[in-house]
Amino acid sequence: MAEIKAFDLTGHPVRFAAEVKDFDPLLFVDKKESRKMGRFIHFALAASAEAMAHSGLVVDETNQDRVGVHIGSGIGGFDVIEREHSNMLAGGPRKISPFFIPGSIVNLAAGHVSIKYRARGPNEATATACTSSAHSIGDAFRIIQRGDADAMIAGGTEAAITPMGVGGFAAMKALSTRNEDPEHACRPFDKDRDGFVVGEGAGILILEELEFAKARGANILGEVIGYGMSADAFHMTGMAPEGEGCFRAMNAALKVAGISPDQIDYVNAHATSTPLGDALESKAIENVFGERALNQTLLVSSTKSMTGHLLGGAGGLEAGITLMAMLHQIAPPTMNIVELDPECRLNYVPNKPVAAKIDYALSNSFGFGGTNGSLVFKRWTGE
Amino acid sequence: MAAVDEKVKQIIVEQLQVDEAEVTPGASFQEDLGADSLDVVELVMQFEEAFDIQIPDEDAEKIKTVKDAVDYIEKNQKGK
């Protein structure tokens, strides 16, 4: 997290973010095509390329109709929208690029990824704010479960570090204004937290039906076993009292997983470092996990303290982090905790990772509009 | 006149990311140079910008090859 390099900061009250530095889209897409896409699409193509290479999944004529893509984004191509709007104001409507719409609308990340891999199965995109990619992974899980695809390229992407993006969140007073100390600005659960830090990037997973994965000898990283959704139906941006909507999303995910709350070892919290949100999510976790939360046995961390908040990309990234936590049996920390908020009473794995038995883990995502999503993962033991 | 020819070629090479040698007078944007319909729209916008002209949609539809573009621009350039 550092001072923003992407645009002129004149007049901006928030002057820092967690930018993807030195990103070269031409490593993932050719020059002619790259100009037709917003940065969020570049990120999705980059993360998909890494995920596909890591998984070893090859899409070919024998399976392409059974491989789909589900990639969400909260906003889509803010960069393209701003550029083309400026062009229109300066030169009139005839100056609007023909690539304005396809370069900026949310589902074009999923569209381009499908084109690149010739993945001709289900193709969808969620636009549920900061829950977008958790919903994409959960919905992809359901698509596979109900037999509509054998594999899904799923997750989310976001590139909102633009004048309107950062300026817009700043106008809501949602962002940390710790301009003088960006590295310590994102401090979930700390008593001096003052808002989130905008991040960017994409988090993409390859989800496969278990027998399909086994048959091709896939290197299985973990299992998605539960997915729960809920709405706060309360306020457009504020969380319901006691994180009641989050509580129901977590319980719904545990129910689908068919496990009890006591079996969860680690929770990757949504906690973005906002004063209200972190405390309410903590309360919701207390209400779901009871004594194990309060006696500090349950490990809870917000990795946004290290990555910033990827908005529509957050759930995808954090699903990946949660899988890595199970794979390596290490709970990642919440950084920048100096003194806990008395309202936050859990074991947040403060400031350094800890080795831990993690067989089951849960990842939370909550978004504006009161839209919630929780995913439950199981460690892969080869069975 | 050669200047128009050269500039049109440069714009095509840049926009469509093709090799300069492929940009022959008879080359069709869509048939030979890998453009789709949106690429052609953008290409026409670039010609407008570079030569400070307005190409109405009904004329733009007729610009299909490199020669079509050069001829049109030469005919319609201001002060020519």
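Computed from the coordinates by the stated procedures, all read-outs in this text should not be read as laboratory data. Because the structure is predicted, anything quoted here is derived from the model rather than measured. As a convention, Cβ positions derive from the backbone with ideal geometry for all residues, glycine included, and neighbour counts pool all protein chains shown.
Given labels modelled 7 Å from the Cα in the Cβ direction, how far is it in nm from B:Glu61 to A:Gln64?
3.3
Do any GluC sites (Glu not before Pro) in the stretch B:1-59 lie in a DSSP loop with no more than 14 other beta carbon atoms within 10 Å, and if so, which?
Sites meeting the loop and neighbour criteria: B:Glu31.
Starting from the amide H of A:Phe196, placed 1.01 Å from N in the peptide plane, find each other amide H under 5 Å away whose residue is 5 or more places distant or on another chain.
Result for A:Phe196 returns A:Leu175, A:Ser176.
Quick one: Karplus J couplings for the stretch A:51-68, per residue in order, coefficients 6.51, -1.76, 1.60, θ = phi - 60°, nearest Hz, x for Gly and Pro?
Each residue of the stretch A:51-68 in turn: 5, 5, 5, 5, 7, x, 5, 10, 8, 9, 4, 7, 10, 4, 7, 10, 10, x Hz.
Considering the zone a paramagnetic label at A:Val338 would reach in this model (a point 7 Å from Cα along the Cα-to-Cβ line), which residues of the stretch A:170-203 have amide N under 11 Å from it?
The answer is A:181, A:184-185, A:191-193, whose backbone nitrogens lie closer than 11 Å to the label point.
May I ask for the distance between the Cα centers of the stretch A:87-146 and the stretch B:5-80, given as a whole number of Å?
Value for the Cα centre distance between the two parts: 30 Å.
Counting pairs of Cα atoms in chain B, how many percent are more than 18 Å apart?
30
Which of rounded, prolate or oblate describes the stretch A:325-383 when judged by the alpha-carbon gyration tensor and an a/c cut-off of 1.5? Mind showing how you got there, number by number?
Numbers: a/c = 2.81, a/b = 1.18, b/c = 2.38.
Since a/c reaches 1.5 but b/c is at least a/b, the shape of the stretch A:325-383 is classed as oblate.
For n ≥ 4 DSSP H runs only, could you compute -39500 (n - 2.57) per run for the protein assembly as shown, divide by its residues and tell me the 222 nm figure to the nearest 500?
Theoretical 222 nm ellipticity from helices: -11500 deg cm²/dmol.
Which percent, nearest 5, of DSSP beta bridges in chain A are antiparallel?
Values: 30 of 49 bridges.
So the antiparallel bridges amount to about 60 percent of the total.
At 7 Å along Cα-to-Cβ for each site, give me the label-to-label distance between A:Leu276 and A:Met164 in nm.
2.6
Compute the distance from the alpha-carbon center of the stretch A:304-337 to that of the stretch A:1-22, in whole Å.
22
Efficiency by 1/(1 + (r/R0)^6): what FRET value for A:Ala233 and A:Met172, r their Cβ-Cβ distance, R0 = 22 Å, to the nearest 0.05?
Efficiency, rounded to the nearest 0.05: 0.60.
Can you list the HN-Hα couplings for the stretch B:32-47, worked out from phi with the Karplus curve (6.51, -1.76, 1.60; θ = phi - 60°), rounded to whole Hz and with x for Gly and Pro?
Each residue's phi maps through the Karplus curve to give 10, 10, x, 7, 9, 4, 5, 4, 5, 4, 5, 4, 4, 4, 5, 5 Hz.
Quick one: dipole size for chain A, taken about the Cα centre, charges +1 on Lys/Arg Cβ and -1 on Asp/Glu Cβ, in debye to the nearest 20.
On the way: 34 positive and 45 negative charges, 144 e Å.
Its charge dipole is roughly 680 debye.
If the reach is capped at under 19 angstrom between alpha carbons, list the lysines near B:Lys7, excluding any in the same chain fewer than eight residues apart.
Leaving aside lysines fewer than 8 places away in the same chain, those within reach of B:Lys7 are A:Lys32, B:Lys64, B:Lys67, B:Lys75, B:Lys78, B:Lys80.
When the Karplus curve 6.51 cos²θ - 1.76 cosθ + 1.60 is applied with θ = phi - 60°, which whole-Hz ³J(HN,Hα) does each residue of the stretch B:49-55 get, with x for Gly and Pro?
5, 5, 9, 6, 10, 10, 10
B:Asp52 versus A:Leu27, label points 7 Å from Cα toward the beta carbon: distance in nm?
Taking the two extended label points, one gets 4.3 nm.
Taking only C-alpha pairs under 8 Å that are 6+ residues apart, what is the relative contact order of chain A in percent?
Details: 985 pairs, mean separation 80.5, N = 383.
Computed value for chain A: 21 percent relative contact order.
Under 20 Å between alpha carbons, and skipping anything fewer than 8 positions from A:Lys173 in its own chain: which lysines qualify?
Leaving aside lysines fewer than 8 places away in the same chain, those within reach of A:Lys173 are A:Lys191, A:Lys304.
For A:His70, list long-range residues whose amide hydrogen, built 1.01 Å from N in the peptide plane, is under 5 Å from its own amide hydrogen.
Result for A:His70 returns A:Glu124, A:Ile153, A:Ala154, A:Gly155.
Compute the Cα gyration tensor for the protein assembly as shown, then decide on rounded, prolate or oblate, letting a ≥ b ≥ c be the square roots of its eigenvalues: rounded whenever a/c is under 1.5, prolate when a/b is larger than b/c in the other cases, and oblate in all that remain.
On the way: a/c = 2.78, a/b = 1.75, b/c = 1.59.
Prolate shape, in that a/c is at least 1.5 and a/b is the bigger ratio.
Amide H of A:Asn347: which non-local residues (sequence gap of 5 or more, or other chain) have their own amide H closer than 5 Å, using H built in the peptide plane?
Amide H neighbours of A:Asn347: A:Gln296, A:Val300.
Label the stretch A:222-379 by shape, choosing from rounded, prolate and oblate, from the square roots a ≥ b ≥ c of the eigenvalues of the Cα gyration tensor; if a/c is under 1.5 it is rounded, and otherwise prolate applies when a/b is larger than b/c, oblate when it is not.
Rounded shape, in that the Cα axes give a/c under 1.5.
Please work out the Cα center distance from the stretch A:30-48 to the stretch A:223-243, rounded to the nearest Å.
A separation of 31 Å, based on Cα centres.
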